[in-house]
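See structure below.
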Amino acid sequence: MIDEGYIKYNAVRTEGEIPQNPLWDSLNECRTVLFTLGLIGIYPNGIGYGNVSSRVGESQFLISGSATGGISELTRDHYAFVESFDLEKNSVKSLGKIDASSESMSHGAVYRAMPEVTAVLHVHSRMIFDYMIENNYPATPVSVPFGTPELAEEIAELVIAGGENNGVLVTAGHDEGVIAYGASIPDALNELMKIYLEAKETV
């Protein structure tokens, strides 16, 4: 977790207001729920973790900003609008008052892999992570670290292999990292809560 929260992609941000979007309230409410559960937050070393996003266009999405994990309730200024991303060039172009999350490439990979997905949630949980690893849930290779094009590609392959608009996977090489996605924000949250409750029953 030591380098969690640091942007590894080539970030190009235009300063400005993010576009108005009717799903922003729902996305932010979902993010607050995850923060309350401790699935989004900040480690003792001051590094934040967890982020949420919602698709806006074919390859565009709203995403919570970099280093916002420790903030209990976000405002619109804490979100970035990803205008485009390039997995091959490891670059993200965004608009907003804050840099897009360090996990923007992973979110973008899910949207590219499954066109009907409209929400992606990236959280951290030792409990859920260990439960998913032990029960052989879809997982990226241990050798692939967070924030890299390789991880984004592995995530995309898992999503495509799953063949569903709603799902959950674990990033084995990104300690405690779990990604849930869905055809709607409530669907993505439901996928995450199902695995959360399953894991909780085992401890």
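Would you please classify the overall shape of the chain from the alpha carbon gyration tensor, given that a ≥ b ≥ c denote the square roots of the eigenvalues, rounded means a/c under 1.5, and beyond that prolate means a/b larger than b/c while oblate covers the rest? Taking the square roots of the gyration eigenvalues as a ≥ b ≥ c, the chain is rounded. Going by alpha carbons, how many degrees (0 to 90, nearest 10) lie between the helix axis of 24-36 and the longest principal axis of the chain? For 24-36 against the chain, the angle is about 40 degrees. Computing FRET efficiency as 1/(1 + (r/R0)^6) for K97 and E157, where r is the C-beta to C-beta distance and R0 is 35 Å, gives about 0.55.
Of all DSSP bridge pairs formed entirely within segment 10-200, close to 80 percent run antiparallel. Computed from backbone phi, the HN-Hα couplings of segment 179-194 come to 10, 10, 9, x, 6, 8, 4, x, 5, 5, 5, 4, 4, 5, 5, 4 Hz, rounded to whole numbers (Karplus: 6.51 cos²θ - 1.76 cosθ + 1.60, θ = phi - 60°; Gly and Pro given as x).
With the helix formula -39500 (n - 2.57) applied to DSSP H stretches of n ≥ 4, the chain reaches a computed 222 nm mean residue ellipticity of -9500 deg cm²/dmol. Whole-Hz Karplus values for segment 105-117 come out as 5, 5, 4, x, 4, 5, 4, 5, 6, 9, x, 7, 6 Hz, taken residue by residue from phi with 6.51 cos²θ - 1.76 cosθ + 1.60 and θ = phi - 60°; glycine and proline positions read x.
For S91, the amide hydrogen comes within under 5 Å of the amide hydrogens of N10, D86, counting only partners 5 or more places away or on other chains and with H modelled in the peptide plane.
Relative contact order, whole percent, for the chain stands at 21, derived from Cα pairs under 8 Å and 6 or more residues apart. In this structure the amide hydrogen of Y79, modeled in the peptide plane, comes within under 5 Å of the amide hydrogens of G65, none closer than 5 places in sequence on its chain. Loop-resident GluC sites (Glu not before Pro) (DSSP state other than H, G, I, E or B) in segment 120-203 with no more than 11 further Cβ atoms inside 10 Å of their Cβ: E201.
For trypsin sites (Lys or Arg not before Pro), the sites in segment 34-130 that DSSP calls loop and that have at most 11 other Cβ atoms within 10 Å are K89.
All of the numbers you see were taken from the coordinates with simple rules; none came from a lab. What you are looking at is a predicted structure, and each value in this text was computed from that prediction instead of being measured. Cβ atoms come from the backbone with ideal geometry, glycine included; neighbour counts cover every protein chain shown.
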